[in-house]
Amino acid sequence: MVNLTIDDKQVTVPKNTTIFDAAKAAGIRIPILCHDKKLNPFGGCRMCLVEVEQMKGRQIPACTTPVTEGMIVRTMTDEIAKARKLVLELLLLKHPVDCPVCDAAGDCDLQNLTYEYQVNSNRFTDEKFHHAIDYDNPLIERDMNRCIHCGKCARICDEIVSFGAYTFISRGIEAKMGTQFDGPLNCEFCGSCVSVCPVGALLARPFKFKARWWAMDKVKSVCSYCGTGCQLTLGVKDNKVLTTIYDENQGFHNGQLCTRGRFAYQFVNSDKRLTTPLMKKNGALVEVTWDEALNAVQQRLASAKTAGDVAGLVTPRLTNEELFVFKKLFKDGLGSENYDHSAGYAHSALSKGAVESIGVAASSAVIADIQKTGLLLVVKSDAYETHPVVGFEINLGVKRKDVDLRIISDKKGKLTKLPGAKTYLNIPGTETLLVNALAKTLVDENLVDAAAASITGFEEWKKSLDGAAPEQVAGICGLTADEIKTLARDYVKAEKALLLLPLGLGYPGHTKELAQALFNLSFAAGKHGKEGCGVLLLAEKNNSQGAVDLGLYPVAGGKDAAAIIDGCAAGSIKTLYVAGENLVVSYPNRKKVEAALDKVDFLIVQDLFLSETAALADVVLPACSFAEKEGTFTSAGKAVQKVNRAIKPVGQAKSDFEIFNTLYVNLSGKPAVADPKAAFAEITASVPAYAGLTYETLGDAGVVVVPAMTPKFAVAPGAAPTAEVGKMALVTGSALYHCGTMSLYGEGPMHVCPAGYVEIGREDAKRLTVQDDDLVTVTSAAGAVKLKVKVGSRMPEGVVFAPYHFADQSVNSIASGESVTWVTISK
Amino acid sequence: MTEPRVFFNFGITDDSHTLSAYRGRGGYQALEKALRTMQPLDVEKEVTTSGLRGRGGAGFPTGSKWSFVDKKSPVVYLCCNADEGEPGTFKDRWIFEHNSHQLVEGVLLAAYALNVRHAFIYIRGEFDLSYRRLLLALEEAREAGLVGERILGTEFSCDIIVHQGGGAYVCGEESSLLTSLEGFKGYPKNKPPFPAVKGLYQAPTVINNVETLATIPWIITHGGGAYAGIGAQNNTGTKLFGISGHVNKPGIHERPTGYPLKKIIFEDCGGILGGKALKAVIPGGSSTPVLKGFEIENVTLDAESVIKAGSMLGSGGIIVIAEGTCMVRLLQVLTRFYAHESCGQCTPCREGTAWMDKVIGRIVAGQGVKGDLERLEAVTSGIMGNTVCALGDAASMPVASFIKKFRDEFEYYIEHGRSMFDGRLEI
């Protein structure tokens, strides 16, 4: 610890703290324009100059200078005020001062400091710049006339996003924040640069001229896209969510968001939202009153209860409280165990894999472990695309904490490009085999942790690895035995090592067995139950982990999603209640799903939109988005976080909580769950990991719950998919800009990535004589779709990738839930 | 010539820059001596004893700079700052063109003292002959086993990597030089941390000027004490002075420190062009404050004396200005240079240098207005001491000193819209 004096205040801070941070800790504010707590100091703006007794003669930048013992700092003297004022005058020399039409007004550091330092006239004059404003992309407007050269956009893009879209080009007064060859921005459009821009040089175009900053209510919430669980601040005015506001103090990610969080909030107030209940009359859906719709649903469910032919599919996007009431409705109201979510397999790694391996349906690590580990082995480079902000954490771990990054993946990705990252490109679908071969290496080379032998199932597991040796499977996996062995040795020798596996509807190969193989590997290497170790299973949706925690899948003999669809097709399920799932587009084998839904007597769909599934319904109930309700989400990193109501329900929409609750009361005859808070109290009483939590203890920050774990070796055989001669391996997954099918209603993602595509490697593209944007037919045994081609260097030869989100030419028309779909591609 | 010479100790011929010529005059014997008979610490001690101060401009004691480095660090880098770009300075170029081997030997000696395995020479991009001569010297040295693995058959290995600059003056500032060497745009770094602690690629790094390093072989051969006996007491040795401007015989002269400034101008350089009176002298490269003619009366060429007179010895680039020269227009040459060379990283320098150049330009165009001088002074005082690197200071000092010393000329120019002096700046 270092002791120093700042403005006559005694301050004690850790070594290497900067003067700026020391002052901040002591409650002393030093003005600054070029600093963000997530970024390395830059020292460019020179607003944070202070006086240090021991360094007289120069003014010292507080943001870059580390404290030293006995330092005496003065943050404000006449000289300092003079210097700061001069800096502001110089910055305003070229700045257009067009505050009345600038969206940053009110939230602009330059404006605020100009006010604070009373720069009401400028001693200097100069011509303004006339840089052309960049309107080349739909999301980020770049007006370099307003830029003050803080470099934050370039630094965040480089340090955290690891994309590097910006750099300073030219020198001196001609220096400006430029892009590659000064061309249009062509990046991930995560908007991090917009978030940190201290002025209005970078603006979110969807928010342009929507509201003055001070006129908006700022409501803290949690992003409702992927499982990362990023905290958000919603900018709300006139019952509309108009933007997301950057708050560097929010969440583990310090306010950092991706395209979805930053630019995809528009689904909340989308024109396409359902605002009234609909019922099918004479073959067409017509608007009806809530009474009529609910009566019909209730009567139908009451008779289905008697017949025992009811089932439910629910989206893990709902709050824990809503899922809880949904489960109550089914168990107590309908006496049915037939409910599931995410097509079943998207969570089986947790609900079956983790349950058998560690006794609880959860990861054995949390997101914070990423930066604490020594070696991070990511299975599937798509972890960056399914959970972009987790990707940022990986970037930071690699760049700042020297995390040794290894990737097992069937294609290259962003993570592959990180400094020192090593990618092992495997043949798609062989991941389990490969992980078992890693474990087998430990066994064969006597590298197994001593404590592992006492874990249940060890001997049996060891025996099950016969035939899994690197030499035996290397060829099948597409790697060399040496590569596998080296990876295994590096993994076991690292002091701390973490395994990471993304889950989701696009990843049917990420099965129970793969998760178990990873858990086994972590036990065998002694990388379990310690900080920076374990297996992090990244559940796909915002509350996928919550849905699993609450047991929203058949535990006691009920039908799972696949069985429910089969049941519908076979006629044993006659009433299907779908809440928020768009299974026509997202569940495997579209043809089968459509046929099954066709056979259902009575289909109830509760959704925000008239989705492809809702269009087939007998009754459609309009539900609320996350912005319209209160409750909790549990992130993939097991953070239970509070969602706050930002706006009133859109139209006549009702929250899922209210709808389920009404049906529950009427069908069970039991009293209603009073409100989400009461539901949460019941949850904490029934889910052991949540014990003791209340809304109050969650606060704004949320609480990471750590369930008790009991490791157990589970035999997890792997099998290679049988290759079909002359065909290419189609792997499906998530596109960087999308999550599930909800992001299709977000302006941001749809601007950047409006339709499905098939990504093909350069060699294959040459062979097929196709180029970017060519329309090709991708044909599998199940069917054919026409997709645009995207040629890139990410795909190995013989492997193609297609994201699953899109309804038109949907990938589930050709993919049936196997880890690999064998396809032919023709023009 | 009685006093010792570190540089001007041989006659320049067509092949005097080659290895054989250098060896013929005793070259690489200092390296032999150091590697065979001295411990690395002994080399450092000799340099400390010699009192050698950095020749790049700041004049920091070299031995002291070396002592800050943790030689036990797994990696220590040495960078030779050969990005000689200060207007009025051209001494390093002479060393490269005529005696690159002396620099190479100096680099090796420093590398030996500092436990450096890889040394870098960051050479100004505009230097062409220098660059070729340096590469030639390195090639010869490598072939002769003087650079690379197991030098002279000893345990000591050191590679020298030459990197050409991209044409930015700011890269002569040591931390920008490192940034540039690392492959980034040449932005200076905020200090601390200092390069001796975290420099190139985050490793402890020593950055020395060409002349500084090229002096070391002499020190090792003759001993630090012998060097300390030359020149002024607190600024020992000989130094290369580059005299340019209105003198009859401009050029490079090696003189012991403490040599009278007047003598070098009027005797060694043959006096002022056309027999005119001396108006002013910029004593240490364009960024040092200007001295009026009468102010140099008793100035000697050592750090203390020049500081006492109100300027700095800097790099030893002496710019001589004859009576009749318009100081306003002369200043414009300098402000244009610094505005062009500001890297743009920090506000005061980026905005300030450009604005100063604009205003000086306006004055020169006859459109100066009352208050311009006060505003210029306000900007210079706001830049000085408040920027990331010394470029801001370098750009402000000439402006501040020109206005201070020749205010009447500026006021005349603003008032009348034209210069006090007819004719053009004769150089």
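From the alpha carbon centroid of region A:125-149 to that of region A:603-621 is 45 Å.
With helices as the sole contributors, the protein assembly as shown gives -9500 deg cm²/dmol at 222 nm; each DSSP H run of n ≥ 4 counts as -39500 (n - 2.57), and the sum is divided by every residue.
Counting only lysines at least 8 places from A:LYS208 when in the same chain, those with an alpha carbon closer than 25 Å to its own are A:LYS94, A:LYS128, A:LYS152, A:LYS176, A:LYS218, A:LYS220, A:LYS237, A:LYS240, A:LYS272, A:LYS648. For region B:146-260, the relative contact order is 11 percent, taking Cα pairs closer than 8 Å that sit 6 or more residues apart in sequence and dividing their mean separation by the residue count.
For A:ASP601 and A:THR456, what does the FRET efficiency come to when R0 = 45 Å and r is the distance between their Cβ atoms, rounded to the nearest 0.05? Before the final figure, lay out the partial values.
On the way: r = 46 Å, r/R0 = 1.03.
Taking R0 as 45 Å, the efficiency between A:ASP601 and A:THR456 is 0.45.
In region B:327-416, Cα pairs under 8 Å separated by at least six residues give a relative contact order of 37 percent. Only Lys, Arg, Asp and Glu carry charge here, each on its Cβ (+1 for the first two, -1 for the last two); on that basis region A:233-335 has a dipole of about 280 debye about its Cα centre. To check you understand DSSP bridge types, tell me what percent of the beta bridges within the protein assembly as shown (both residues inside) are antiparallel, rounded to 5. Counting DSSP beta bridges with both partners in the protein assembly as shown, the antiparallel share is about 50 percent. Computed from Cα positions, the angle between helix A:656-668 and the longest principal axis of chain A comes to roughly 30 degrees.
Restrict the search to region A:79-143; then list the GluC sites (Glu not before Pro) that DSSP places in a loop and that have at most 13 other Cβ atoms within 10 Å of their Cβ.
Working: sites: A:GLU79, A:GLU89, A:GLU116, A:GLU127, A:GLU141; in loops: A:GLU127.
Within region A:79-143, the qualifying GluC sites (Glu not before Pro) (loop, at most 13 other Cβ atoms within 10 Å) are A:GLU127.
Partners of A:LYS827 within straight-line reach, counting lysines whose Cα lies under 16 Å from its Cα and excluding those fewer than 8 residues away in the same chain: A:LYS727, A:LYS766, A:LYS786, A:LYS788, A:LYS790.
Taking region A:2-76 as the region of interest, the number of lysine pairs whose Cα atoms are within less than 17 Å, with members eight or more places apart or on different chains, is 5. Cross-link reach is defined here as a Cα-Cα straight distance under 19 Å, omitting same-chain residues fewer than 8 places apart; for A:LYS530 the lysines meeting it are A:LYS372, A:LYS401, A:LYS493, A:LYS496, A:LYS638, A:LYS712.
Can you tell me how chain A classifies by the Cα gyration tensor, rounded, prolate or oblate, using a/c under 1.5 as the rounded cut?
Judged from the Cα gyration tensor, chain A comes out prolate (a/c at least 1.5, a/b above b/c).
The charge dipole of the protein assembly as shown, taken about the Cα centre with unit charges on the Cβ atoms of Lys, Arg (+1) and Asp, Glu (-1), comes to about 740 debye, rounded to the nearest 20. Quick one: helix B:327-341 against the long Cα principal axis of chain B, what's the angle to the nearest 10°, folded into 0 to 90? Taking the Cα atoms of chain B, the angle to B:327-341 is about 50 degrees. By the count of neighbouring beta-carbon atoms within 10 Å, fewest first, B:MET38, A:MET71 end up ordered B:MET38, A:MET71. With R₀ set to 22 Å, the beta-carbon distance separating B:ALA365 from B:LYS404 gives a calculated FRET efficiency near 0.45. Between the listed residues A:ASN666, A:PHE209, B:LEU136, the Cα displaced farthest toward the positive end of the dipole of the protein assembly as shown, a dipole computed from Cβ unit charges relative to the Cα centre, is found at A:PHE209. When each of A:GLU531, B:GLU86 is scored by the number of other beta-carbon atoms lying within 10 Å, the sequence from fewest to most is A:GLU531, B:GLU86. Measure nothing fancy, just the Cα-based angle from helix B:347-364's long axis to the longest principal axis of chain B, in degrees from 0 to 90, nearest 10. It is inclined by approximately 50 degrees.
The distance between label points at A:THR710 and B:MET420 comes to 9.7 nm (points 7 Å beyond Cα on the Cα→Cβ vector). Between A:ASP271 and A:GLN652, the distance separating the two model label sites (each 7 Å from Cα on the Cα→Cβ line) works out to 2.2 nm.
Neighbour counts of C-beta atoms inside 10 Å place B:ILE252, A:ILE604 in the sequence B:ILE252, A:ILE604, starting with the fewest.
Think of region B:19-75 as having a plus end and a minus end, set by charges on the Cβ of Lys, Arg, Asp and Glu; of B:SER67, B:LEU31, B:THR49, B:LEU31 sits farthest toward the positive end of this dipole. For region A:267-287 versus region B:332-404, the inter-centroid distance based on Cα atoms is 67 Å. Placing +1 on the Cβ of every Lys and Arg and -1 on the Cβ of every Asp and Glu, with nothing else charged, gives region B:234-322 a dipole about its Cα centre of roughly 200 debye. Ordering A:SER586, A:LEU425, A:HIS341 by the projection of their Cα atoms onto the charge dipole of chain A, which places +1 on the Cβ of Lys and Arg and -1 on the Cβ of Asp and Glu, puts A:LEU425 at the extreme positive end.
Over region B:19-229, the alpha carbon radius of gyration divided by the compact-protein estimate 2.2 N^0.38 Å works out to 0.93.
Pop the C-beta distance of A:HIS130 and B:GLU411 into the FRET formula with R0 = 45 Å and round what comes out to the nearest 0.05. Walk me through the intermediate numbers first.
On the way: r = 34 Å, r/R0 = 0.76.
Computed FRET efficiency for A:HIS130 and B:GLU411: 0.85.
Comparing region A:2-76 with the 2.2 N^0.38 Å rule of thumb, its C-alpha radius of gyration ratio is 0.97 (two decimals).
Restriction of the trypsin sites (Lys or Arg not before Pro) in region B:140-191 to DSSP coil positions whose beta-carbon has at most 11 other beta-carbons within 10 angstrom yields B:ARG150. For region A:392-496, applying the loop criterion from DSSP together with a ceiling of 11 other beta carbons within 10 Å to the GluC sites (Glu not before Pro) yields A:GLU495.
Can you give the net charge of the other residues whose Cβ lies under 10 Å from the Cβ of A:GLY761, counting K and R as +1 and D and E as -1? Could you put the intermediate results ahead of the total?
Numbers: positive: A:LYS411, A:LYS412, A:ARG762, A:LYS766, A:ARG767, A:ARG794; negative: A:GLU759, A:GLU763, A:ASP764, A:GLU797.
In short, +2.
Quote the relative contact order of region A:137-206 in percent (integer), defining contacts as alpha-carbon pairs under 8 Å separated by 6+ residues. Walk me through the numbers on the way to the answer.
Details: 101 pairs, mean separation 32.8, N = 70.
With pairs under 8 Å counted, the relative contact order is 47 percent.
For the pair B:HIS340 and A:THR486, label points projected 7 Å from Cα toward Cβ lie 5.1 nm apart.
Comparing Cα centroids, region B:281-327 and region A:440-513 end up 73 angstrom apart. Total lysine pairs in region B:19-229 at Cα distances under 25 Å, for residues eight or more apart or on different chains: 20.
Every read-out reported here was derived from the displayed coordinates using simple, explicitly stated rules and does not represent laboratory data. In this text the structure is predicted, and so the values were computed from the model without any measurement. A quick note on method: Cβ atoms are made from the backbone with ideal geometry, for glycine too, and the neighbour counts reach across all protein chains shown.
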